[in-house]
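> Submitted below is the structure of interest, expressed as C-alpha cells.
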Amino acid sequence: MNMHVPAIELVSLTKCFGNSVEPAVKSVDLSVAQGEVLAIVGGSGSGKTTTLKMINRLIEPTSGSVKVMGEDVTNVDPVGLRRSIGYAFQGVGLFPHMSVGQNVGVTLQLLGWTKNSIIERVNELLTMVDLPADEYRDRLPSELSGGQQQRVGFARALASKPQAILMDEPFGALDPITRDALQQEFRSLQKKLELSVVLVTHDMSEAVLLADRIAVMHKGEIAQVASPQVLLTSPVNAYVAQLIDTPRRHSDFIESLLHGKASGGAR
Amino acid sequence: MSPRLTLLFEQLPDLLGGHLTLAVPAIFIGVLISLPLGVLCVKSATIRGPVMSLVSLVQTVPSIALLAIMVALLGGTIGYWPAFIALLIYSILPIIRNTIVGLESVDPAMREAAKAVGMRPLQQLFRVELPLAFPVILAGIRTATVWVVGIATLSTPVGAPSLGNYIFSGLQLRDWQRVIFGCVATMTLSLVLDQLIAVIETSIQSRRKTSLALAMCAIVGLVAMGIVPGVLGPEAAGFSKLQEKENESEKSDSSGPLRTTLEGQVVRIGAKGFTEQFILAEILREKIEDAGGTPEVLSNMGSTIVFNALAKNTVDVYVGYTGTIWSTVLKETDPISRIAMRAAVAGRLYDEYGIVLAGALGFENTYALVARRQTVQRYGLRQIGNLTPVAKDLRIGGDPEFFGRPEWQRVRNLYALSDITEVGMDSTFMYQAVADGQVDVAAGFSTDGRIEAFDLAVLNDPKEAFPPYDAVLLLSPRAAKNRDLVHVLEPLLNQISVAAMRTANRRVDEDGVTPRVAADSLLNE
C-alpha cells in the first residue's frame with residue numbers, strides 16, 4: 001500500500017439541494033492522510049455533515065469527486081463502499097430491535113462472514129471498547145447507558161477493519177466525564193489501529209483535543225484548514241478567530257484560576 | 001343446563017367451525033396481500049393514491065351489501081366463497097393502513113443508519129424497517145381480526161354457516177337467548193384470537209420461542225377444528241347422519257318396511273330468514289329425511305341470493321312466493337290474477353332459468369296492512385283507502401325490503417299515500433311496534449300468527465293493489481330431473497291451508513316452540 005496516497009481526498013466537491021440557488025457545499029477541497037484525524041468544524045448549516053455524507057455516498061454530490069485510497073468512489077458500488085468505511089453516528093444510531101452483538105456484527109453479516117468468525121470478531125471488538133463480551137453481547141441497546149451505547153457504536157464502525165471511519169458528532173449527547181473518557185480511549189484506539197478519521201463536530205475544543213488538522217467550514221465553504229496550533233496563532237478571518245477563541249478563553253480562564261490571577265474581565 | 005341451551009351448544013361446533021374457517025384464512029390471506037401492498041404504497045406515491053382510495057372506498061360499502069355483491073360477482077354462487085372474499089376485502093384496510101403508518105413512523109435516522117452500515121434497500125426493509133414497524137402493523141392485524149370475526153356473522157344470509165346463524169334465527173324467532181348466545185360466542189372468539197395475536201407479539205419481541213410456537217399452534221388448531229366439521233363437514237356430518245338413519249331404519253325395519261328412495265343423496269334446502277320459511281324448511285327436511293336422504297338447510301338467505309342459488313343448482317329446493325318472483329325476478333310491475341300469475345311465473349321460470357314450479361302448497365302469504373283497534377276506531381279504518389285523508393299524520397312500519405318493492409309504490413299511488421311516513425324496521429319488531437302505537441300501521445303478512453296474537457285488524461284492499469303471493473314449491477333444474485325427489489315432495493302440494501300455516505307461525509313466534517316441532521305437528525295434522 002502506498003503510504004503517500006491520501007486515505008480520503010475531496011476535489012471541488014459541491015452539493016445543491018433541490019431548487020435552492022445557494023449550494024449547501026461549495027467546491028470543497030480536502031484530503032486526509034492515512035492515519036490522520038481531520039476534524040470538520042462549523043456552525044449549524046455550515047455544510048459539514050453534508051460533506052461527510054458525500055464521502056460514503058449517503059448523499060450524492062452534484063459535482064466534484066471523492067477518492068478513497070486513490071479510487072474515485074463514483075465508480076464503485078455505494079453499498080460495498082459503505083461496508084468498507086466505518087460510520088459512527090450522531091445519537092449513536094444503534095438498531096433498537098437487535099442485541100449489542102447483532103448491532104456490532106451487522107456489517108460483517110452483510111459481508112457474508114461465517115457465524116463463528118462473526119462471533120469471534122464481535123467478542124474481540126467488545127473487549128476493545130471495554131465492554132466484557134459475555135456480559136453485554138446479548139443485551140438490547142436500551143439496557144445500556146449513553147456512554148456504553150456509544151462504545152457499541154464505535155465497535156460497530158470498526159467491525160469490518162476499515163481503513164477510514166467517518167464520525168458525526170459522536171460525543172455530542174454524553175455527559176462531560178463520560179465524554180472525556182471516551183475521547184481519550186478513541187484517541188488511543190485511533191493511534192493503535194492507525195485509523196484515518198473524518199470527525200464532524202461543532203465543538204472547537206473537541207476538535208483541538210482530538211484532531212491532527214482542523215477544517216473550518218462556513219456557509220458551505222472551507223474557511224481554513226490547518227493544525228490546531230496554526231489555527232490558534234493565525235486565524236485567517238474573524239469567523240475562524242471567533243471559533244478558535246472559545247477554547248483559548250476557557251484555558252486562559254482555568255490557567256488564571258490556578259495561578260490566583262482571576263479578574264472580573266476574564267470570563 | 002336448560003334443554004334450549006343444550007340445543008344451542010349442540011350447534012356450536014358446526015357454526016363455530018364455519019365461522020373460523022371463514023375468518024382465520026381471510027385474515028391470513030389478508031395479511032399476505034396487504035403487507036406487500038402497504039410496503040409498495042410507502043415506496044411509491046403513484047401506487048399509494050389509487051390503492052388507498054380504492055381500499056377506503058370499498059370499506060365504506062355496508063358489509064351486508066358487500067357480501068351480497070360478492071354473490072352477484074361470482075355469478076350467483078352462494079356459500080363459502082362470496083363470504084370469504086368479502087371478509088378478505090374487509091381485512092385489507094386496517095392492515096394496509098397500519099403498515100404504511102408503521103413504516104413511515106420509523107425514525108429517518110434508523111433508515112440512514114441501515115444504509116450507512118451497508119444494507120441494500122431490501123435488507124433495510126426486512127432487517128430494520130419492518131421489524132421496527134412490527135408493533136404498529138400487528139395492531140392493524142388485531143383490528144382486522146376483530147372486524148372480520150364480527151362481520152363474519154353476516155355470512156349467514158349468503159348461505160355460509162357462521163355464528164351469525166344464532167343471531168339471525170334468534171331475531172326471527174324472537175328468541176333473545178339465541179341472539180345473545182350468538183353475540184357472546186362471537187365476542188369470545190374475537191377476544192381469544194386477539195389475545196393469541198398479542199401473545200405472538202410479546203413472544204416475538206421478547207424472543208420467547210416456546211410461547212410463540214404455542215400461540216401459532218393454537219391458531220392453527222382452531223382453524224383445523226373448524227375445517228373438520230366445516231369443509232369436510234358435508235360428507236363427515238352427512239356420513240354420521242346416514243349412520244343414524246341406518247340405525248333408525250334398522251329399528252323401523254323390525255317394526256315394518258320403510259322405502260328409502262333418497263338413500264345417500266344430499267338435498268340442499270334454501271330458506272329465507274323468517275319464521276314461516278324456517279317451518280317450511282323443516283317440513284321439507286323431514287320429508288327428505290323420511291325418504292332416507294340427507295337434507296342440508298341453508299336458512300336466512302336473501303331473496304335474490306336464494307333464487308340465484310336455485311338457478312345454479314347450489315340449492316335444490318325452495319318455497320317461494322309468486323308475487324315476490326313476479327316483481328323481483330321477472331321485474332313485472334302490474335299484478336295479474338292469482339291463477340294467471342301462478343301459470344305465468346311457472347312458464348317464465350322454466351323458460352328463463354330452467355327452474356320448475358312443482359305446484360302451490362295451498363296457502364297465500366300476501367302483504368296486509370294492519371293496525372291496532374284504537375287506531376281503527378280513531379280514524380274509522382275499514383280499508384286502505386281510509387288512510388288517505390290522514391296519511392300525513394301517520395307512520396307506517398315495514399321491513400326495509402317492503403318499502404323498496406314495486407307493490408308498495410303501487411299501493412301508495414292507488415290509495416294516494418305519498419304523505420305517509422315510512423319507518424323501516426325488522427319484521428320482528430313491527431307487530432309489537434304497531435300494537436304499542438309506536439307506528440300507526442304496519443305492513444304485515446297475512447299468515448303471520450302475530451296478527452291474532454296482538455289483536456290487530458287487517459285493512460281490506462278493495463283496489464287489489466297487493467299482488468297475490470301463493471306459496472309455491474320450486475325445484476332447481478337438476479332437482480326437477482330427480483324423480484325420486486319429486487315423488488317425495490309431491491304429497492305436500494295443496495295440503496297447507498292459510499289457517500294451518502298461521503297456527504304454525506303463531507306457535508313458533510308466540511308459544512316459543514321450535515320450527516321443527518311446529519313443522520312436525522303441521523305434518524301430522
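> Just checking: which of the helices (runs of 4 or more DSSP H) contained wholly in region B:61-146 hold 3 or more residues that are more than 13 Å from chain A (Cβ to nearest Cβ) and either in contact (Cβ under 8 Å) with a residue 60 or more places away in the chain or hydrophobic (A, V, I, L, M, F, W, C) (or both)?
Counting at least 3 such residues, we get B:63-73, B:80-104.
> List the pairs whose first member sits in region B:330-346 and is on the phi < 0 side of the Ramachandran plot, whose second member is assigned to a helix (DSSP H, G or I) and not hydrophobic (A, V, I, L, M, F, W, C), and whose Cβ atoms are under 6 Å apart, counting only residues at least 6 apart or on separate chains?
B:L330/B:R348; B:T333/B:P406; B:M341/B:T322; B:R342/B:T322; B:V345/B:T322
> Let me ask something additional. Can you tell me how many residues within region A:67-111 are buried (at least 18 other Cβ atoms within 10 Å of the Cβ) and at positive phi?
Result for region A:67-111: 2.
> Let me ask something additional. Kindly indicate whether B:G170 is at positive phi and either away from chain A (no Cβ under 14 Å) or within 32 Å of the chain's Cα centre (by Cα) (or both).
Judged against the criteria, B:G170 is not a match.
Quick grid of which residues meet (1) in the same structural domain as B:A65 (by TED's automatic domain parsing); (2) of a type in the set (D, E, K, R); (3) under 26 Å from B:L5 (Cβ atoms):
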| site | (1), (2), (3) |
| --- | --- |
| B:L130 | yes, no, no |
| B:R142 | yes, yes, no |
| B:Y166 | yes, no, yes |
| B:Q195 | yes, no, yes |
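> Quick one: which residue in B:I151, B:I180, B:I167 is crowded, with 20+ Cβ neighbours inside 10 Å and either without any contact (Cβ under 8 Å) to a residue 12 or more places away in the chain or touching a Lys or Arg at 6+ places or on another chain (Cβ under 9 Å) (or both)?
Sole residue among the options that is crowded, with 20+ Cβ neighbours inside 10 Å and either without any contact (Cβ under 8 Å) to a residue 12 or more places away in the chain or touching a Lys or Arg at 6+ places or on another chain (Cβ under 9 Å) (or both): B:I167.
> Within the bounds of region B:367-387, is there any residue that is at pLDDT below 90 and of a type in the set (S, T, N, Q)?
No, every residue in region B:367-387 fails to be at pLDDT below 90 and of a type in the set (S, T, N, Q).
> Next question, about the same structure. What do you reckon, is B:Y90 more than 14 Å from the chain's Cα centre (by Cα), of a type outside the set (G, A, S) and within 30 Å of B:I269 (Cα to Cα)?
yes
> Anything in region B:468-478 that is touching a strand residue (DSSP E or B) at 6+ places or on another chain (Cβ under 8 Å) and in a helix (DSSP H, G or I)? List them, or say none.
If the condition is that a residue be touching a strand residue (DSSP E or B) at 6+ places or on another chain (Cβ under 8 Å) and in a helix (DSSP H, G or I), then B:P477 is the only one that fits.
> Looking only at region B:374-392, count every residue that is in contact (Cβ under 8 Å) with a residue 40 or more places away in the chain, surrounded by fewer than 14 Cβ atoms within 10 Å (Cβ to Cβ) and not polar (S, T, N, Q) and tell me the total.
1
The values are calculated or read from the model by the stated rules, or taken from the named source; none is laboratory data. Computed from a predicted structure; not experimentally measured. FYI the Cβ positions are ideal-geometry reconstructions off the backbone, even for glycines, and counts take in every protein chain you see.
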